[in-house]
1. The conditions are (1) part of a helix (DSSP H, G or I); (2) surrounded by 15 or more Cβ atoms within 10 Å (Cβ to Cβ), and Gln136 fails exactly one of them. Which is it?
2. Those residues that are closer than 15 Å to Ala64 by Cβ and touching an Asp or Glu at 6+ places or on another chain (Cβ under 6 Å), I need them from segment 147-174; list them, please.
3. Return only the number of the condition from (1) under 18 Å from Ala216 (Cα atoms); (2) touching a helix residue (DSSP H, G or I) at 6+ places or on another chain (Cβ under 9 Å); (3) loosely packed, with under 13 Cβ neighbours inside 10 Å that Asp185 does not satisfy.
4. Where residues in segment 40-61 are modelled with pLDDT under 95 and of a type in the set (Lys, Arg), which of them is nearest to Leu186 (Cα to Cα)?
5. Would you mind stating whether Gln25 is assigned by TED's automatic domain parsing to the domain that holds Met161 and either polar (S, T, N, Q) or touching a residue at least 12 places away in the same chain (Cβ under 8 Å) (or both)?
6. Going by what's in this entry, would Ile164 be described as assigned by TED's automatic domain parsing to the domain that holds Phe63, touching a residue at least 12 places away in the same chain (Cβ under 8 Å), of a type in the set (A, V, I, L, M) and not in a helix (DSSP H, G or I)?
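The values are calculated or read from the model by the stated rules, or taken from the named source; none is laboratory data. Note that the structure is a prediction, hence the values are computed from the model and not measured. Heads up, the Cβs are rebuilt from the backbone with ideal geometry, glycines too, and the neighbour counts pull from every protein chain shown.
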Amino acid sequence: MQSYRMVMQYRTKELYRLQRADNRQYKQTKKNFRKTYPYIHLTREERYEIIKKIAEVVSQWRFARVFAECVDKVHFDPARRLRTVDEQAFEQVVSRFEHFLHAISTPDNKIYGLLIHDNNETVARRHTVLMKRFHQRGTLWTDVNHIIETPLFVDSELTSMVQIADMVAYALRRYLENGESGLFDLIFTRADKRQGAVVGVRHFTHNQCRCQICEAHRTNKEKLV
């Protein structure tokens, strides 16, 4: 209870400080505090253990597949790529999901998939337009014949599977930015594979990167040539 009161006092003080200094940062911090309010009675170690247990469960879901595009913005040139980071990441994930659905389909049983997306008004409009374009013209790498409709946008606070997807994204980011492998090692086992090679997750960065994702990507090229 003492720690709870201390956290609430700190948050109140911080919000007052930001309200006077930075209105934009104030709004974002207030939003973050509101979303994390149910967990402030837990220590950092206890919160991490909860996330780790969820990652352990996901790692055992043999039916689950992880698709992700991790972009290092330092090495991404929008002018050269003719698209934004967000557009490239979305197109990559759509393409890999389409390839997966094609691979598990048979002539007598075509498998279809649906994209479910955390709701964000700006992103929703942009990704809906992109997906319509992909259905009409295909992506840079494939036609889209197995993904139905445009993304379904839902409130992540009410949808546990989107929260799990957020956890997967968190694990990837903490590994790539901070070298934290505890969660990553668990969820990376669910990355989509083809002929034993990881194809579902990619790290867009410099050619000399030696992270597990990049090593797996280089190995993939050798296996799939």
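1. (2)
2. Within segment 147-174, just Val162 meets the criteria.
3. Result: Asp185 passes all but (3).
4. Arg47
5. no
6. Values: assigned by TED's automatic domain parsing to the domain that holds Phe63: yes; touching a residue at least 12 places away in the same chain (Cβ under 8 Å): yes; of a type in the set (A, V, I, L, M): yes; not in a helix (DSSP H, G or I): no.
Considered against the rule, which asks whether it is assigned by TED's automatic domain parsing to the domain that holds Phe63, touching a residue at least 12 places away in the same chain (Cβ under 8 Å), of a type in the set (A, V, I, L, M) and not in a helix (DSSP H, G or I), Ile164 comes out as no.
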